[in-house]
């Protein structure tokens, strides 16, 4: 691989890493809101869904990161049944 190709590959890798960390930095700058029944949600696009790790069925803490209709990042904390509950119907 010649020097020019290595430079281009390094620049692409650097750009990809910056894009991946952009949403993490944006989430860190946003104060999470806690969901309550009747909360108005202005969700244009979901960025990520996370939940506490649980191997059993039960209630866990979860976090929704999304973009609102103005393109601003929002974070919502809520409680939900663990994904392991889907098998226990």
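The values are calculated or read from the model by the stated rules, or taken from the named source; none is laboratory data. Everything numeric in this text was worked out from a predicted model, so none of it was measured. Here the Cβ is made from the backbone with ideal geometry for all residues, glycine too, and neighbour counts use every protein chain on show.
Quick check on segment 38-55: of everything there that is more than 13 Å from residue 80 (Cα to Cα) and assigned to a loop (DSSP other than H, G, I, E, B), which residue is modelled with the lowest pLDDT?
Restricting to residues being more than 13 Å from residue 80 (Cα to Cα) and assigned to a loop (DSSP other than H, G, I, E, B), the top hit is 55.
Out of 29, 68, I need the residue that is out of contact with any helix residue (DSSP H, G or I) (no Cβ under 6 Å at 6 or more places or on another chain), surrounded by 11 or more Cβ atoms within 10 Å (Cβ to Cβ) and modelled with pLDDT of 75 or more. Which one?
It is 68.
Since residue 77 meets every condition but one in (1) at pLDDT 95 or above; (2) not in a strand (DSSP E or B), which condition does it not meet?
Result: residue 77 fails condition (2) only.
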